[in-house]
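The values are calculated or read from the model by the stated rules, or taken from the named source; none is laboratory data. Here the structure is a predicted model, which is why all the values come from computation and not from measurement. Neighbour counts are summed over all protein chains in view; Cβ atoms, including those assigned to glycine, are modelled from backbone coordinates with ideal geometry. Side chains included, ligands, DNA and RNA excluded: accessible areas come from the protein's heavy atoms. Shrake-Rupley method; radii C 1.70, N 1.55, O 1.52, S 1.80 Å.
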Amino acid sequence: MKRNFYFLLMAALVCCLSLSVTSCKSDDDNNSDDEGVVFTDGPQDGQNEAAMKFWSIMSELADVDEYTNDYKDKTFEPTIGIEDPNNPQARIVYTNNAETAAMRFANLVNIDQAEVTEETTVKEWNDPDVGTLTYTKGDGTTSWATVEVNIKQVPKLEKIIYRAPEQGDENGGVKGGKAAYYRFGDVVSRVVKDKDGKSFDEYWICVRPAFDPEGKGDSHWVSISPLPKANLYTWEYKNVNKKKKINVTRTYVLPTGLGDSEEHMQNFAEMLYAIGNPPAWYHNVQEIKKYFHDFHLKNLDYHNDNFWNRVRVEWYDHDIAWKVFGISENYSKKEAAERLFDILESNSLYFLYKGYSWPAGSGANLTLYQAHYSSGFNVSEKNHHKAEIKKIKKAVYDKNNPANDIEIDVTKLEGGQYTNRNFFGDSDKHYILRVATGAQLSSTKKYPDNTKAIPGVTEVYRYYAVYPNPNKDGKPEIVGDDDDD
């Protein structure tokens, strides 16, 4: 009996030891800190592909001042284009030709432009995470195209109409054909109250004005100011393993909810080239026969090199290098302006846009979105029309070798730009870019009269405040060589 008891006791001890060894091994694999192991493998609330798709489209359709992950049961007011006077559920986007209408739809739903052209009769885009948008070719008389919209979060938007001003019942631009209040390169600021209760100024640059001869009904703006907390996602990573002598804590700060408008990123890049190289831009347009997407060549002289030279001078006089582009105030006004114009005259501009993608369960794999604009050798690529849009995906931490970790904090800017050789693989400097319409910047979220200031913003530099329109009828003017600068 004693022998049986001894045998049972030994068996129990072996079983316990076995369980103990298994438990230790399990602890290490499951990242328990019982043996000094703590490991957080990727964010559990990070941006996923569904949210990325939703916000990419919503940023162009509606007022989305504050990005949030909690969007599925929210509703947003439409701000795209101008309300159709005959149908409050429809919005008119004034567009000068069928080619641009097709391009705008392709950009809106993030598909290749070859998938919908001016010859496309019908194109349905559907995604269960967003909704359905159906493009239908117009008759060329009343519209270039229409888009039926079925997105739960924008119940007041049923249709987008791509139309030239002459195709509608009303003037699509500024009422009465007057010069618009804002022009290319104008700068405004607005006070933003952050999530921590602190207020700060952010700056917005006009990259496409509401220009009547082109039938543009709303202005479009770009900001490269430091991001408010609503556009930052912060996640803390820990990797602690006493046995392996690892003790690492990192904080990742990423851009989010920036919006996605390739059209106006391109407009911004072209505008910066025009300010940096006025004569070259003006000459190239006559060769390319295209500028700012769908502007007409017949209206080119309203934006000739004399105009851009004036904007260049006023950007210097109004300290745009310091205020807007973040060139350090340690430099003199002249030095800061010289550094800015070196950037504008260079053949390369890099932007970060849209935000980030880091779905739960993807481990260390983070994606950022980069746009690169330059001037190529082909005629169609001049004036910064060579666009390279990329997703850059990398593993940003290594559990077993923290020396391979890549630190990312997009609030750490130098001269207003973000550089990260380890992530991007080069030392290229990126502006972090957001896009908005005049209506989205307005404190009223409406912009009914383009001959007046946007409510709720402060003027930093405005062309017509410096060079009043000489035309007594208020129509847009052409700047001549002999006009005073």
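Summarise the accessible area of the chain (1.4 Å probe, protein heavy atoms) by the percent that is carbon and sulfur. Write out the running numbers ahead of the final one.
Numbers: 10980 of 22950 Å².
Percent of accessible area from carbon and sulfur atoms in the chain: 48.
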* Asked: When the dipole is taken about the Cα centre of the stretch 129-208, and only Lys, Arg (+1) and Asp, Glu (-1) are charged at their Cβ, what size is it in debye, to the nearest 20?
  -> 180
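So between ASN471 and ASN247, what do we pick up on full extension, going 0.36 nm a residue minus the alpha carbon distance? List each step's numbers first, then the result.
Numbers: separation 224, 0.36 × 224 = 80.64 nm, distance 6.98 nm.
My answer for the length gained is 73.7 nm.
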* **Heavy-atom SASA rank of LYS386, LYS393 (probe 1.4 Å, accessible area, largest first)** => LYS393, LYS386
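Report the FRET efficiency, 1/(1 + (r/R0)^6), for VAL192 and ASP139, where r is their Cβ-Cβ distance and R0 is 30 Å, rounded to 0.05. Working shown, then result.
On the way: r = 44 Å, r/R0 = 1.46.
For R0 = 30 Å, the calculated efficiency reads 0.10.
Rank these by accessible area, largest first, 1.4 Å probe: ARG190, ARG339. Let's see the in-between values first.
Values: ARG190 40, ARG339 115 Å².
Ranked list, largest accessible area first: ARG339, ARG190.
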* To do: Mind giving me the FRET efficiency for ASP73 and ARG421? R0 is 45 Å, r the Cβ-Cβ distance, nearest 0.05 is fine.
  => 0.60
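Any idea what the relative contact order of the stretch 384-460 is, in percent, if you count C-alpha pairs under 8 Å spaced at least 6 apart? Before the final figure, lay out each step's value.
Numbers: 57 pairs, mean separation 11.6, N = 77.
Normalised by residue count, the contact order of the stretch 384-460 is 15 percent.
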* Quick one: dipole size for the stretch 63-149, taken about the Cα centre, charges +1 on Lys/Arg Cβ and -1 on Asp/Glu Cβ, in debye to the nearest 20. => 220
* To do: List nothing, just return the count: lysine pairs in the stretch 187-265, 8 or more apart or interchain, with Cα separation under 23 Å.
  => 4
* Asked: Could you give the dipole magnitude of the chain about its Cα centre, charging the beta-carbon of Lys and Arg +1 and that of Asp and Glu -1, in debye to the nearest 20?
  -> 1720
* To do: Taking the chain as the reference, fit the longest principal axis to its C-alpha atoms, fit the long axis of helix 278-288 to the helix C-alpha atoms, and give the angle between the two in degrees, 0 to 90, nearest 10.
  => 90
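Using just the helices of the chain, give the 222 nm mean residue ellipticity in deg cm²/dmol: DSSP H runs with n ≥ 4 each add -39,500 (n - 2.57), and the total is spread over all residues, rounded to 500.
Details: 11 runs with 121 residues, N = 485.
-7500 deg cm²/dmol, from helical runs alone.
May I ask you to give the solvent-accessible area per residue for the chain, in square angstrom, as obtained with a 1.4 angstrom probe? Could you put the intermediate results ahead of the total?
Values: 22950 Å² over 485 residues.
Counting only protein heavy atoms, the per-residue value for the chain is 47 Å².
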* C-alpha long axis of helix 262-276 to longest principal axis of the chain, angle in ° -> 60
* Asked: Helix 305-317 versus the longest principal axis of the chain: what is the Cα-based angle in degrees, 0 to 90, to the nearest 10?
  -> 60
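Report the calculated FRET efficiency for ALA403 and PHE200 (r = Cβ-Cβ distance, R0 = 35 Å), to the nearest 0.05.
Details: r = 37 Å, r/R0 = 1.05.
Computed FRET efficiency for ALA403 and PHE200: 0.45.
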* Asked: Can you give the extra length, in nm with one decimal, that the chain gains between HIS296 and GLU124 once fully stretched, where that is 0.36 nm per residue apart less the Cα-Cα distance?
  -> 58.9 nm
* Structure fact -> Rounded to the nearest 10 Å², the 1.4 Å probe accessible area of ILE406 is 10
* **Difference of contour (0.36 nm per residue) and Cα-Cα distance, ALA280 to ASP481** => 70.8 nm
